[in-house]
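Structure first, commentary second.
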Amino acid sequence: MITKPSDAEYPDFYSRYIALVPDGDVFKFLKKQKRMFTALIDSIPEDKLMYSYAEGKWTIKQVVGHVIDTERVMAYRALVFSRGERQAIPGFDENDYVEKASFNKKDIQDLIQEFVKLRESNMALIQNFSSDMMERKGNANDFLFSVRAIIYIIAGHVEHHINVIKNKYLCQ
């Protein structure tokens, strides 16, 4: 079982995501979360997918795309750090990524399937990490992260956006 990372394994900014991950087996949570996230997005009426709750905020389709992008970036970080990468990995500007991705033009079912495939691929990757690999750290955006912390960040980030969708987009 993958245990929660200590505060020394990630930048303070990410503590809000890690706090959203329940105690217990994070791998089982990732599996369950895949179903919860896809069911939530699939339940949203088509006319609501282009909704944004305030000026300058993303649409629901853009949020889904952002979740995909972030999981992909974080999984790459986990992979390279698990392999002992010594080079610093650059950060990414999520707003710039969303702006350039044209998520609003994509079919929501295609986005859902992309998330499912990505999550399944990442779960296969995580299953193959040894305990030594989980402890390895690397530099991303000038901060140190352990592989274990990145796994929790992936789960917590999706959980954060599930809450945002429910509380800011669907409560209207």
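Values quoted throughout were computed directly from the atomic coordinates according to the rules given, and no laboratory measurement underlies them. Quick caveat: nothing in here was measured; it's all calculated off a predicted structure. Positions of Cβ are generated from backbone atoms using ideal geometry, with glycine treated the same way; all protein chains shown enter the neighbour counts.
Residues in segment 1-37 that are surrounded by fewer than 18 Cβ atoms within 10 Å (Cβ to Cβ) and of a type in the set (S, T, N, Q) were compared, and the one that is farthest from I126 (Cα to Cα) is S15. Among residues of segment 124-136 that are assigned to a loop (DSSP other than H, G, I, E, B), those with a beta-carbon under 6 Å from a residue that is of a type in the set (A, V, I, L, M, F, W, C) at least six positions away or on a different chain give the pairs R136/F81; R136/V147. What single numbered condition from (1) of a type in the set (D, E); (2) touching a helix residue (DSSP H, G or I) at 6+ places or on another chain (Cβ under 9 Å); (3) within 20 Å of A140 (Cβ to Cβ) fails to hold for E120? Result: E120 passes all but (3). Just so you know, in segment 84-112 the residues that are acidic (D, E), loosely packed, with under 13 Cβ neighbours inside 10 Å and within 29 Å of R35 (Cβ to Cβ) include one that is farthest from the chain's Cα centre (by Cα), and it is D107. Of the candidates F115, F81, the single residue that is buried (at least 17 other Cβ atoms within 10 Å of the Cβ) and touching a Lys or Arg at 6+ places or on another chain (Cβ under 7 Å) is F81.
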